[in-house]
1. For a quick check: sort 66, 44 by the number of other beta carbons within 10 angstrom, fewest at the front.
2. Which of rounded, prolate or oblate describes region 27-68 when judged by the alpha-carbon gyration tensor and an a/c cut-off of 1.5?
3. Any chance you could check the Cα centroid distance between region 26-61 and region 106-137 for me, in angstrom?
4. Compute the signed sum of charges (Lys and Arg +1, Asp and Glu -1) over the other residues within less than 14 Å, Cβ to Cβ, of residue 92.
5. If you average the sequence gap of Cα pairs under 8 Å that are 6 or more apart and divide by the length of region 11-178, what percent do you get for the contact order?
6. What is the spin-label model distance, in nm, from residue 36 to residue 108 if the labels are put 7 Å beyond Cα along the C-beta direction?
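What follows draws every value from the coordinates through simple rules; no lab data is involved. Everything quoted here is computed from the prediction, not taken from an experiment. Because the Cβ atoms are built from the backbone with ideal geometry, glycine has one as well, and the counts that use them run over all protein chains shown.
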Amino acid sequence: MNNNGANGSSIKIRTPRMDDLQGIVSVVRACEPYLTAHMSYIYWMQIRHCRDTCAVAVMGGEIVGWCSIIPGSGGRYFVHQLGIAPKARRQGLAQSLLAHLVSELRRREDTPELEFTIDRMNGAALDVVKTVAGRVEMQLRRTPEPVGLLEDGCAEDLYVMTPDASRRADFSNEVANVLWTTTEGTEATNELSF
């Protein structure tokens with residue numbers, strides 16, 4: 001299904017490139033205080049070394065969404081950041097970005113485990129993750145483990161998303177169950193639109 005952004009432009013989800021750095025930082029800054037904009041070196045490093053587990057959303061040539069997942073060991077991953085620029089919110093884009101990356105991980109690994117933290121005041125982020133977990137047939141649970149962050153006013157909970165063993169999904173057909181579809185283009189760019 002093809003959807004359009006707020007200004008009628010098509011939104012594409014693709015693998016990030018080095019020339020996306022400024023746009024990524026701009027999106028993250030627009031999501032403060034729930035996301036923290038790091039130095040561009042962090043994003044450069046993620047694009048260079050984790051590009052297969054990161055994605056950007058582009059609308060009218062502008063980066064309007066960013067999702068980064070950092071690979072760990074033993075099939076574990078950490079969802080580092082998920083942010084949408086204000087002009088592209090309320091269109092299901094956060095769900096699309098995360099569902100896209102989780103689906104890609106599940107194609108490569110049968111049982112990936114994703115960890116992430118969510119600020120207790122950010123109910124919208126928790127709603128996104130709950131929706132995505134249901135769509136990609138994974139279980140979501142909050143762990144009792146405390147997140148010992150040092151910044152004042154920081155109250156985050158740790159969540160884990162794991163494949164739902166009680167349900168088997170055919171992940172070759174899973175793309176039809178999320179909000180985006182593959183566009184014409186090269187396989188190397190892994191570009192999607194909705």
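1. Arranged by neighbour count, lowest to highest, 66, 44 become 44, 66.
2. The shape class here is oblate.
3. Value for the Cα centre distance between the two parts: 18 Å.
4. +3
5. It comes to 18 percent, rounded to a whole number.
6. 2.6 nm
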